[in-house]
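The values are calculated or read from the model by the stated rules, or taken from the named source; none is laboratory data. Computed from a predicted structure; not experimentally measured. Methodologically, a virtual Cβ is constructed for each residue, glycine included, from the backbone with ideal geometry; neighbour enumeration extends over all protein chains shown. These accessible areas exclude ligands, DNA and RNA; they are computed on the full protein's heavy atoms, side chains included. Shrake-Rupley method; radii C 1.70, N 1.55, O 1.52, S 1.80 Å.
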Amino acid sequence: MTSQKVREGRADEYRRWQDRTNHAAREFEGFVGAEVYPPDAGGANEWVTVFRFSGVDHLTAWLDSDRRAALLKEAHGLFEGPPTQEVLRGGSPAQEMPKVVTAVISHDVKPGREQGFLKWQEKTLKAQEKAPGFMGSELFQPVEGVQQHWVVVFRFDSREHLDDWLASDVRAVLLEEGRKYFTSYDVRKVSSAFSGWFRFGHGNGEGAPPNWKQAMTVLLALYPTVMVLTLTLGDALNRVKFPLYLAMFLSNILSVSALTWLLMPLVNRALGFWLAPGRTLGRRSQLAGIAAVALCYLVSLAVFALITH
């Protein structure tokens, strides 16, 4: 993960350079993906880029490559200072939600104080879990030969909740206590722009469900939503000869809103035993989840068959 402050007025040049850099990284063995996070409006002009590789060796080959060195030299005038870089090994991909904000904090831990630092992190996590909007946290140990920082990544559901935690008296007390274990720390914030309908695990590392489960559960909520809107709003708009393209747009707004803020959270809770990977217990649980969704399909079809006839 690289954080860079782009000079005022050079954002377009930076985007073009970053695109070339991403394309260059794709040519290296083990490349998985690259993501670019722009700064928040009104905030510091700091861009964050995440490169994902399948292993540390593959990542190191990219970091030490002549190709990357040439690209960094080319972009020297775009940045206010040298980039800040952290290498995070392991962890689980976060399921992104609207307005999710991630904080990345790197610590220079004092030699011999690692165990104390870990206990302090556990205490900090327990306090974080009580903070409004907290969504999860992961701790990354130093990567030998690459970087020596301990890095903590935690997520909140909004910038306001994250800022409240960072400025809280509870965290101030914890930081004062933690200075026994680290000499310095650095905080960076990343605003996610990707939205989703699945959210599991507040700090327990559970990932998103497989795509086929997501498709099944979205259909479970989408079909009755579309049918209800068609039978109510759709009929009303047809009677007044409302333009079809506007009627469809309005219907989509309502269906997406209903799924995002009402139906999908309910479905997630009801089928959490089956959707969240960490809670799925073998073949029986898999079949139970599939059977539950299939039964709901049949009930929906039967209900709307009766209504429409």
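Worth a mention:
- Residue satisfying all of: in the stretch 250-303; at pLDDT below 85 and closer than 21 Å to residue 233 by Cα; least open to solvent (accessible area, probe 1.4 Å) among these: 260
- Inspection of the stretch 19-37 identifies at least one residue that is assigned to a strand (DSSP E or B) and small (Gly, Ala, Ser).
- Of the residues making up the stretch 137-146, one or more are of a type outside the set (D, E, K, R), within 13 Å of residue 117 (Cα to Cα), in contact with a Leu (Cβ under 7 Å, 6 or more places away or on another chain) and in a strand (DSSP E or B).
- Leading residue by the ranking (nearest to residue 3 (Cα to Cα)) among those in the stretch 147-189 that are assigned to a loop (DSSP other than H, G, I, E, B) and either in contact with a Gly (Cβ under 6 Å, 6 or more places away or on another chain) or not aliphatic (A, V, I, L, M) (or both): 149
- Across the stretch 139-164, the number of residues qualifying as open to solvent by less than 40 Å² (accessible area, probe 1.4 Å), out of contact with any Pro (no Cβ under 7 Å at 6 or more places or on another chain) and either at pLDDT 90 or above or closer than 18 Å to residue 85 by Cβ (or both) comes to 7.
- When residue 306 is tested against (1) closer than 26 Å to residue 154 by Cα; (2) open to solvent by 60 Å² or more (accessible area, probe 1.4 Å); (3) modelled with pLDDT of 85 or more, exactly one condition is not met: (1).
- Test: residue 301 is within 24 Å of the chain's Cα centre (by Cα) and part of a helix (DSSP H, G or I): no
- Against the numbered list (1) closer than 30 Å to residue 129 by Cβ; (2) at pLDDT 90 or above; (3) open to solvent by 40 Å² or more (accessible area, probe 1.4 Å); (4) of a type in the set (Gly, Ala, Ser), residue 221 comes up short only at (3).
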